[in-house]
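Bear in mind these aren't lab numbers, they're just calculated from the coordinates by the rules spelled out. Small disclaimer: the values here were computed from a predicted structure and weren't measured. Cβ coordinates were reconstructed from backbone atoms using ideal geometry, including for glycine residues, and neighbour counts include every protein chain displayed.
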Amino acid sequence: MRLGADRVRVRVPATSANLGPGFDALGLALALYDDVEVRLLGSADVVVEVTGEGAGDVPDDERHLVVQALRAALDLVGAPQAGLHLVCHNRIPHGRGLGSSAAAVVAGIAAARGLVSEPEALSDEVVLGLATQMEGHPDNAAPAIHGGATVAWSTAGGVGAAPLVVHPDVAPIAIVPATRLSTESARGVLPATVPHRDAAFQAGRAALLVEALGRRPDLLLDATADRLHQDYRRAVMPHSLALVDALRTAGVAAVVSGAGPTVLALARRTAAGTDADEAIATAFGPTMGGWRVLPLAVDTDGVQVARVANG
Ligand SMILES: Nc1ncnc2c1ncn2[C@@H]1O[C@H](COP(=O)(O)OP(=O)(O)O)[C@@H](O)[C@H]1O
Ligand SMILES: N[C@@H](CCOP(=O)(O)O)C(=O)O
């Protein structure tokens, strides 16, 4: 396959994975975006410019995650490698449980899709398969690709994703701490096995969550209960779990977003705002201690890629 364009622009959403009981399966795309522009260079150089989240932290060479994913996608379809100039404007915070690494991986693969002569070779299914291989789990990549809420699953033959309905009254609120926690560390504290009763509990709540998200937001509190990951992670994010507990006691469907430490409230819209606003204000008092409260719409588009005329 050839390269068919020399400049593309990609927009990719943040995602919140798990949503409580949907560990490694459920995810929701949120209207908070990273923008990446990729230009092919005549030389073999890699130039990476980053503004916003991760500026000064992420590598500016071949190790940059968008570059790695883009190169992996070009290799997968047999397209030639080239020098690259990336301009990244990042809004998704890193190491907070809002899917920044999945966004970077999906952005890189989507950029490759925009650059090659036969974009259909990088179908959504192929993109999800490669992104899952790089991420190790599909729950962020699926909504980053498709938008909305998704359930994703792996089989011997590949990775599937199906869209879930999200009721218009559901109002996601991300409550983001200043501290970071890598997904790798947060996965490292999970046990190898769990009691059968917890697995049974979890299966029931994950099924209920599909109904609650789509048709019965009044059931979200029960539907977001988890026994497979959040409590095991308490020691590495005690403040996040304390906030989840406080909000849930107040009746708000709060969960750890992805591998944390962000807390996601699946609030319900009211005439004055959402049913979580008072509980969030009470949990923090007058100072936020470095936490940010981000009411975020559900992104319904997923990753977007457009070729750009050189000029
Ligand atoms: N836009 C990006 N560009 C380059 N690297 C990124 C980008 N976003 C995330 N990363 C890499 O992924 C790491 C965060 O990934 P991870 O620990 O999985 O947390 P998150 O919950 O934010 O996905 C960052 O520290 C950085 O190394
Ligand atoms: N299911 C994963 C989700 C990780 O999401 P992230 O946004 O924290 O990368 C997990 O819980 O480990």
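With springs connecting C-alpha atoms under 10 Å apart, model the chain as a Gaussian network and identify which of Gly290, Gly99, Gly260 has the largest mean-square fluctuation.
The residue that fluctuates most here is Gly290.
Counting only residues 5 or more places away or on other chains, whose amide H sits under 5 Å from the amide H of Val47 once H atoms are built in the peptide plane?
Amide H to amide H, under 5 Å and 5 or more residues apart or across chains, Val47 pairs with Leu84, His85, Leu86.
Towards the positive end of the charge dipole of the chain, with charges on Cβ (+1 Lys, Arg; -1 Asp, Glu), say which of Gly285, Gly129, Ser240 has the farthest Cα.
Comparing the listed Cα positions along the dipole, Gly285 ranks first.
For the stretch 250-267, in order, what is each residue's ³J(HN,Hα) by Karplus, 6.51 cos²θ - 1.76 cosθ + 1.60 with θ = phi - 60°, in whole Hz (x at glycine and Pro)?
Going residue by residue, I get 7, x, 8, 6, 9, 9, 7, 7, x, 8, x, x, 5, 9, 10, 9, 8, 7 Hz, with x marking Gly and Pro.
Enter the angle in degrees (range 0 to 90, nearest 10) between the Cα long axis of helix 238-249 and the first principal axis of the Cα atoms of the chain, meaning the one along which they spread out most.
50 degrees
Most fluctuating residue of Leu228, Leu76, Leu164 in a GNM of the chain with Cα springs under 10 Å: which is it?
Of Leu228, Leu76, Leu164, the Gaussian network model singles out Leu76 as fluctuating most.
Step through the residues of the stretch 268-280 one at a time and calculate ³J(HN,Hα) from phi using the Karplus curve (6.51 cos²θ - 1.76 cosθ + 1.60, θ = phi - 60°), rounding each to whole Hz and writing x for Gly and Pro.
With coefficients 6.51, -1.76 and 1.60, one gets 10, 5, 10, 4, 8, x, 9, 6, 9, 4, 5, 5, 5 Hz.
Each residue of the stretch 94-100 in order: what ³J(HN,Hα) in whole Hz does its phi give by Karplus 6.51 cos²θ - 1.76 cosθ + 1.60, θ = phi - 60°, with x for Gly and Pro?
My calculation for the stretch 94-100 gives 8, x, 10, x, 10, x, 5 Hz in order.
Roughly speaking, what is the stretch gain from Val308 to Asp222, that is 0.36 nm per residue apart minus the C-alpha to C-alpha distance, in nm to one decimal?
Values: separation 86, 0.36 × 86 = 30.96 nm, distance 4.68 nm.
Full extension of this stretch gives 26.3 nm more.
Please give the contour-minus-distance gain from Gln133 to Glu118: 0.36 nm per residue of separation, less the Cα-Cα distance, rounded to one decimal in nm. Each step should come with its number before you reach the end.
Values: separation 15, 0.36 × 15 = 5.40 nm, distance 2.21 nm.
Difference between extended and current length: 3.2 nm.
Taking amide H positions as placed 1.01 Å from N in the peptide plane, with prolines and chain starts having none, which residues 5 or more places from Val151, or on another chain, fall under 5 Å of its amide H?
Ala162, Leu164
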